[in-house]
1. Does ALA146 satisfy the condition of being buried (at least 17 other Cβ atoms within 10 Å of the Cβ) and over 23 Å from LEU165 (Cα atoms)?
2. Does ARG70 qualify as being farther than 17 Å from VAL154 by Cβ, more than 14 Å from the chain's Cα centre (by Cα) and either in contact (Cβ under 8 Å) with a residue 40 or more places away in the chain or assigned to a helix (DSSP H, G or I) (or both)?
3. Is it true that some residue in the stretch 175-184 is modelled with pLDDT of 80 or more and touching a helix residue (DSSP H, G or I) at 6+ places or on another chain (Cβ under 7 Å)?
4. Out of all the residues in the stretch 147-163, is one or more touching a residue at least 24 places away in the same chain (Cβ under 8 Å), in contact with a Leu (Cβ under 7 Å, 6 or more places away or on another chain) and either small (Gly, Ala, Ser) or part of a loop (DSSP other than H, G, I, E, B) (or both)?
5. Evaluate the stretch 34-56: report whether one residue or more is more than 26 Å from SER168 (Cα to Cα), out of contact with any strand residue (DSSP E or B) (no Cβ under 6 Å at 6 or more places or on another chain) and either without any contact (Cβ under 8 Å) to a residue 24 or more places away in the chain or not acidic (Asp, Glu) (or both).
6. In the stretch 101-136, how many residues are more than 22 Å from the chain's Cα centre (by Cα) and either in a loop (DSSP other than H, G, I, E, B) or at pLDDT below 90 (or both)?
7. If I ask for residues that are touching a helix residue (DSSP H, G or I) at 6+ places or on another chain (Cβ under 6 Å) and under 12 Å from GLY42 (Cβ atoms), which ones from the stretch 93-107 would you list?
8. Yes or no: the stretch 149-161 includes at least one residue that is surrounded by 14 or more Cβ atoms within 10 Å (Cβ to Cβ), farther than 18 Å from VAL36 by Cβ and within 11 Å of the chain's Cα centre (by Cα).
Amino acid sequence: MLRPPLRVVALCDAGLAEVAAAPYPLPEHQKPENTVTIQAGGKQILLHGLALILAGLVFGFALPLTPYPRLALGAHIQFVTNGMLFVVLAMVVLKVPLRAGPKSIGVMLVSAWLTWLVPLSEAANAWWGANQMLPIAAKQAGAAGAAAWQEAVVKLCHLPAALGLILSVTLLIIGIVKHRAAMESSAAPGSPTPPPVP
């Protein structure tokens, strides 16, 4: 049975057509190596978000069991809010027309993996009582500080995740703006009609 080709949409950082935009199935020799399609990447980001929310809900039962319940509450909130952030990010990637290539989607996926470090380190901190990275919450919890390596773990887990989230949201905004600019420039009189966005 013959299948019609998918609509070709140039969604890329480096000028390469997205794998999902090519006629399917691609012959093995034409498949780019190590690329993530928008659909597959968006679904993976969505799963990270849902898993973070689930982890936060389950961790909520451990709050009264920790020496620093206020810090445990912070971890619980981090799990749930970061999970919601990635659910929204995935919905934007999957539903809003944008120009994003495999590299951008890859950065967003790495950011999702790095973000796991934040609530996990905060969950551990509910037992450690580190106070250097989160001084306000630590003061409210009465945490006097932890061993140097524990303080370092909490710091090192927060910084890459924060940078990854900033980069992911920036790439998403750029992708939306680029798509809008391309649509406006192609809508100018005399311009060829752009292909529809799937």
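The values are calculated or read from the model by the stated rules, or taken from the named source; none is laboratory data. Because the structure is a prediction, the values reported are computed rather than measured. Ideal geometry is used to build each Cβ from the backbone, glycine not excepted, and the neighbour counts take in all protein chains shown.
1. Numbers: buried (at least 17 other Cβ atoms within 10 Å of the Cβ): yes; over 23 Å from LEU165 (Cα atoms): yes.
So ALA146 fits the description; yes.
2. Working: farther than 17 Å from VAL154 by Cβ: no; more than 14 Å from the chain's Cα centre (by Cα): yes; either in contact (Cβ under 8 Å) with a residue 40 or more places away in the chain or assigned to a helix (DSSP H, G or I) (or both): yes.
No.
3. yes
4. Within the stretch 147-163 (the criterion being touching a residue at least 24 places away in the same chain (Cβ under 8 Å), in contact with a Leu (Cβ under 7 Å, 6 or more places away or on another chain) and either small (Gly, Ala, Ser) or part of a loop (DSSP other than H, G, I, E, B) (or both)), the answer is yes, since at least one residue qualifies.
5. Keep residues of the stretch 34-56 that are more than 26 Å from SER168 (Cα to Cα), which gives none.
No, the stretch 34-56 has no match at all.
6. At the first step, the residues of the stretch 101-136 found to be more than 22 Å from the chain's Cα centre (by Cα) are 124-136.
Subsequent filtering for residues that are either in a loop (DSSP other than H, G, I, E, B) or at pLDDT below 90 (or both) retains 129-134.
Residues meeting the conditions: 6.
7. VAL93, LEU94, LEU98, ALA100, SER104, ILE105 - these are the residues of the stretch 93-107 that are touching a helix residue (DSSP H, G or I) at 6+ places or on another chain (Cβ under 6 Å) and under 12 Å from GLY42 (Cβ atoms).
8. Within the stretch 149-161, one or more residues are surrounded by 14 or more Cβ atoms within 10 Å (Cβ to Cβ), farther than 18 Å from VAL36 by Cβ and within 11 Å of the chain's Cα centre (by Cα).
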